[in-house]
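Beneath this line is the structure, given in structure tokens, with notes to follow.
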């Protein structure tokens, strides 16, 4: 066996493994013996049929198995002898493998780049404050009350916090929006819909502000302007006029903070409610603080090295990132046509994110090796329990599904290793108090 390595890039190589005819013959002889021992041929005891008969009768099976064995041996022996840190086989050149002939197996492979990272412990970062203020407690309690609020019809003009039921019909330069964007009737003409006055999340930009001060029975025209990046492509950057009629105004009535309200919250009085809310807010701030420290640590270690990126890993991460972007946009109502029109820009952004992700993965993998960080059985068990909780399935069912997809298991293990290593770096970071 001979091995030849050629550079394509810093992280991509061609690995050529050559076998002499005698080595292929030895592999075929081993296969013939195996087939002969298992084959049932009339007139012959197992293992006693002539080799020529075995070779003829099982020609295709033997040929397929011989090809698989030789390629597998080429990869295993080639990777071992070349001492390349292989990540992915990108391509396998077509090759004929037959007994009595030599064989040259040529792989195109991506390898882990050689680099060294140090000084990754004790990274200096700023920690967000976890102090809870009285104003934050009051704001959270107000949010709880708003969730439990009732809405009662009123005859007065609408004001911030009210909900208004109204009808609308929109036009752009005299043309009905139902003709401009027929697939999105919610922006064109509705016999009735609701809007919260003062909300920053109006379905139609500017509609909430236009409805403020109107009362039941009032009619008027409201001018709005759709932003340039609006989710409906046909409306992007357009100015529209909506003829609206207010059908009802409802006032938000917050529940009184009385014994009944406290009981519903599982507390006895306002002091106990504030104590519980304070604990909740502090817990959330501590989560935000750690998340921000992770971000700072991630940026710091990524800035410590410049490293070539295996293209196959970048391609995979780009594909995953694009799927997430497309899925997110579809949920927001972005049309397939708009996604197709922005495909190039989406791919550009996904590729940039993928390159950052791959670089971080390579760095975290090296740190994990240096520090002896590994994914243990309890890490997998914890993951399975969490996934079961999120999906509403039993842990046993989740584990059974994973056993059927070893590639997914490999990705999960890698993700757990990255997260575990990053948590190690966060624990080792030098945190000073920030704002």
task = Quick one: angle between helix 21-38 and the longest Cα principal axis of the chain, in degrees between 0 and 90, rounded to 10, please.
result = 80
remark   = Which of 343, 106, 400 fluctuates most in a GNM of the chain (C-alpha springs under 10 Å)? That residue is 400
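So what's the convex hull volume per residue for the Cα atoms of region 66-197, in Å³? Don't jump to the answer; show the numbers that get you there.
Numbers: hull volume 54.7 nm³, N = 132.
Enclosed volume per residue, from the Cα hull, is 414 Å³.
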Normalised alpha carbon radius of gyration of region 150-253 [divisor 2.2 N^0.38 Å] = 1.05
request  = Rank 109, 314, 154 by mean-square fluctuation in a GNM of the chain with C-alpha springs under 10 angstrom and give only the top-ranked residue.
outcome  = 154
request  = Report relative contact order for region 270-433 in percent, whole number only (criteria: Cα-Cα under 8 Å, sequence separation at least 6).
outcome  = 29
inquiry  = Restricting to Cα pairs below 8 Å that are 6+ residues apart, what does the relative contact order work out to for the chain? Please round to a whole percent.
reply    = 17
request  = Find the relative contact order for region 2-111 and round it to a whole percent, using C-alpha pairs within less than 8 Å whose residues are 6+ positions apart.
outcome  = 40
note = Output ordering of 380-386, 146-152 (per-residue mean of other Cβ within 10 Å, highest first) is 380-386, 146-152
request  = Kindly express, to the nearest 10 degrees and within the range 0 to 90, the angle between helix 343-371's C-alpha long axis and the longest C-alpha principal axis of the chain.
outcome  = 60
inquiry  = If you fit an axis through the alpha-carbon atoms of helix 134-147 and take the longest principal axis of the Cα set of the chain, what angle between them do you get, 0 to 90°, nearest 10?
reply    = 90
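For the chain, compute Rg over Rh where Rg is the Cα radius of gyration and Rh is the Kirkwood radius from the inverse mean 1/r over Cα pairs. Don't skip to the answer; put the middle values down first.
Details: Rg = 33.1 Å, Rh = 29.2 Å.
Rg/Rh: 1.13.
Cut-off is 10 Å between beta-carbons; in what order do 316, 418 appear when sorted fewest neighbours first? It would help to have the intermediate numbers written out before the result.
Values: 316 16, 418 20.
Least crowded to most crowded, the residues run 316, 418.
Throughout, read-outs are computed from the coordinates displayed, never taken from laboratory work. Since this is a predicted model, take the numbers as computed values, not measurements. Ideal geometry is used to build each Cβ from the backbone, glycine not excepted, and the neighbour counts take in all protein chains shown.
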